[in-house]
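For reference, the structure is listed below as structure tokens.
The values are calculated or read from the model by the stated rules, or taken from the named source; none is laboratory data. Computed from a predicted model, the values in this text were never measured in an experiment. No Cβ is skipped: glycine too gets one built from the backbone with ideal geometry, and neighbour counts run over all protein chains shown.
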Amino acid sequence: MNDKKKKSNHSSGLAIGMCIGLAIGAAVGAATGNIGLWLPIGLCIGLSLGLVLGHNGKDDSEDDTNDKQ
């Protein structure tokens, strides 16, 4: 059951990051006149940001306690 909860938190962070990245990529692409280049760059940045946002610090402490046992 905990695996499903972790997965949903991880997915929501990716979705939010993807939306933010696409918005930034579209804005920069419109400003520079090269949307085709900046949309995928923004998507990559957003997915990276989403991984950071979706990462929960409690996961690391749980892994440490399992390793000690």
Fill in: Spans of helices (runs of 4 or more DSSP H) in the chain with at least 1 residues modelled with pLDDT of 90 or more
2-32, 35-54
Worksheet, complete the sentence: Filtering segment 48-57 down to residues that are free of Cβ contacts under 8 Å to residues at least 40 places away in the same chain and buried (at least 17 other Cβ atoms within 10 Å of the Cβ) yields Leu49, Gly50
